[in-house]
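Visitor: Sharing a structure with you now.
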Amino acid sequence: MADSTPLLYQPNSVKSESTPPPLEKHHPSLDSTIERCIGDFGWAQFLQALLVSSAWIFDAQQTFITVFTDAHPAWHCTSNQLDCNSASNICNLPKNSWAWNFPAYTSIISEWNLECATSIITGLPASSFFLGCLVGGLVLATLADSSLGRKNMLFLSCLTMSLSSFLTVFSTNIWVYSALKLVCGFCRATIGTSALVLTIELVGKRWRGQVGVIGFFCFTIGFLSLPAIAYLNRLSSWRSLYLWTSIPGILYSLLVQFFVRESPRWLLVRGRKEEAVATLKSIAPPNHSWSFSEVSFEQEMSNNGNVYSTIKMLVQKRWAFRRLLLVMVIGFGIGMVYYGMPLGLGNLSFNLYLSVTLNALSEIPSSMFTILLIGKLNRKLSVLAFTSLSGIFSIMCALKGEVWTRLQIALELVSFFSACTAFSILLIFTIELFPTCVRNSATSLVRQAIVFGGVFSPMLVAAERRDGISSFVVFGLVIGCCGLFAVCLPETRGRTLFDTMDEEEHKVKAACNGV
């Protein structure tokens with residue numbers, strides 16, 4: 001196990017009642033050293049956490065913006081032909097017998113005459129976005145752990161995502177539009193992971209659950225802002241939505257670059273001790289008096305030139321690889337429901353703006369539930385319970401009959417609420433399962449598994465609209481089955497966060513030996 005010497009020493013610290021071994025007495029763990037600095041939650045940490053978590057607002061807007069820009073517009077008959085009514089197939093009607101309710105430029109479907117295109121074509125932009133997220137996550141996953149760090153990764157991701165979203169305004173056809181959505185998804189891939197990990201690593205373990213959920217709450221704000229912006233611009237071009245969401249994102253990126261501090265844990269793992277000490281001084285509560293000693297911290301990641309060294313470390317350790325596979329399978333199921341249900345709201349007999357608003361609002365009680373109870377919740381049982389609940393209610397959305405049709409939106413909201421809660425708990429669960437040196441990479445890979453579930457969602461939703469295949473049944477079965485794998489993971493509630501693979505492995509072996 002790699003030794004870690006003390007970074008900080010507090011002269012008046014109270015000694016533990018039990019006498020530690022000689023090595024531990026002179027060389028306390030890096031986690032306990034950092035805990036003494038930032039264990040108490042101060043205003044500096046809160047402002048940093050809030051600023052970093054705000055990235056989720058723009059992440060949410062770009063994730064769900066196609067719900068409105070790619071929506072199938074309402075239409076009406078312009079002639080008195082008997083075969084023209086609301087139940088008619090628009091593709092079988094003469095062009096002069098119907099018209100759109102709103103100007104053609106309000107949606108890409110009406111502007112580019114895609115009303116009779118296949119589900120693959122109409123679902124291509126949204127699927128391209130999620131595919132870009134998947135590829136970007138795999139390519140960029142380790143940069144925040146290796147060369148760039150959490151802060152720079154967050155800055156570059158936000159900036160390039162917002163710029164590519166801005167360029168989407170100039171799309172001339174579905175192919176250019178889909179290509180830019182692919183680029184936007186690629187750039188966006190690591191925003192959530194970098195923001196979440198950076199936020200949690202800036203506070204002590206007592207507050208990491210509550211602070212981590214701030215990001216989910218900001219994601220809800222971003223999601224909730226979309227129907228409001230879309231409604232205010234309902235008679236304007238779909239391009240205006242991209243303008244309203246991309247320009248603030250560019251401005252936010254500049255705030256990140258100048259005001260956000262890097263993770264002290266990452267700086268120490270990379271051997272940048274002076275910067276780590278400066279960061280700890282800037283965010284530690286002002287009532288603490290610290291004296292600094294020399295640090296001789298043996299870096300876990302000696303292969304600095306290979307950005308994929310962290311993935312190699314995850315694969316080489318059997319316990320780490322097993323954990324990673326399990327949480328990725330669970331994430332795939334959650335992602336299919338989490339990203340698919342908002343896209344499928346247009347298939348329900350309910351107002352699109354109101355249904356999206358209700359879905360966004362359902363994330364608020366989900367976030368509040370997680371914030372208030374994350375310290376008491378058993379991680380793996382919570383994931384199992386909420387994925388099962390989401391699956392059951394998703395399947396119930398497909399039931400036929402007048403009564404079930406009236407209950408559709410309520411059933412959908414319960415399923416979406418459960419998926420949101422499972423999503424939040426799973427990410428915090430993942431962070432607690434892996435040490436600092438690979439935490440960002442592991443969390444990013446889990447998020448890519450969640451996004452991978454989202455890749456299939458637009459196609460399933462479009463297929464339901466065209467061929468009558470129930471996407472909600474597929475969503476329910478997938479999330480229910482994938483959630484069962486949570487029983488195979490170790491519980492992490494209240495556990496110490498380790499910084500190196502050796503420390504984590506020592507904990508695993510101790511647990512196996514019953515120590």
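Visitor: R0 = 35 Å: FRET efficiency of VAL487 with LEU163, Cβ-based, nearest 0.05?
Guide: Working: r = 43 Å, r/R0 = 1.24.
The formula returns an efficiency of 0.20 here.
Visitor: Here is a further query. So if R0 is 25 Å, what FRET efficiency would CYS91 and THR172 give, r being the distance between their Cβ atoms, rounded to the nearest 0.05?
Guide: My answer for the efficiency is 0.55.
Visitor: Pull up all non-local amide H partners of TRP98: gap of 5 or more, or a different chain, and H-to-H distance under 5 Å with H placed in the peptide plane.
Guide: Counting only residues 5 or more places away or on other chains, the set is THR78.
Visitor: Per-residue HN-Hα couplings for region 328-339, Karplus 6.51 cos²θ - 1.76 cosθ + 1.60 at θ = phi - 60°, whole Hz, x for Gly and Pro?
Guide: Ordered by residue, 3J(HN,Hα) equals 6, 5, 4, x, 4, x, 5, x, 4, 7, 4, 8 Hz.
Visitor: Out of region 67-174, which chymotrypsin sites (Phe, Trp or Tyr not before Pro) are coil in DSSP terms and have no more than 11 other C-beta atoms within 10 Å?
Guide: none
Visitor: Still on this structure, I have one more. When the accessible area of region 396-485 is computed with all protein chains present and a 1.4 Å probe, what percentage of it is carbon and sulfur?
Guide: On the way: 2000 of 2800 Å².
Roughly 72 percent, rounded to a whole number.
Visitor: Want the number for SER147 to LYS281: 0.36 nm per residue separation, take away the alpha-carbon distance, what's left?
Guide: 45.9 nm
Visitor: Strictly over 24 Å apart at the Cα level, which of LYS151/LYS380; LYS281/LYS380; LYS317/LYS509; LYS312/LYS380 would you flag in this model?
Guide: Check vs 24 Å cut-off fails for LYS151/LYS380; LYS281/LYS380; LYS312/LYS380.
Visitor: Follow-up question, since we're still on this one. Pop out the ³J(HN,Hα) list for region 172-177 in order, Karplus 6.51 cos²θ - 1.76 cosθ + 1.60 with θ = phi - 60°, rounded to Hz; leave Gly and Pro as x.
Guide: So the J values, rounded to whole Hz, are 10, 7, 5, 6, 5, 4.
The values are calculated or read from the model by the stated rules, or taken from the named source; none is laboratory data. Everything numeric in this text was worked out from a predicted model, so none of it was measured. We place every Cβ from the backbone using ideal geometry, glycine too, and count neighbours over all the protein chains shown. Protein only, heavy atoms only, side chains kept; ligands, DNA and RNA dropped before computing areas. Shrake-Rupley method; radii C 1.70, N 1.55, O 1.52, S 1.80 Å.
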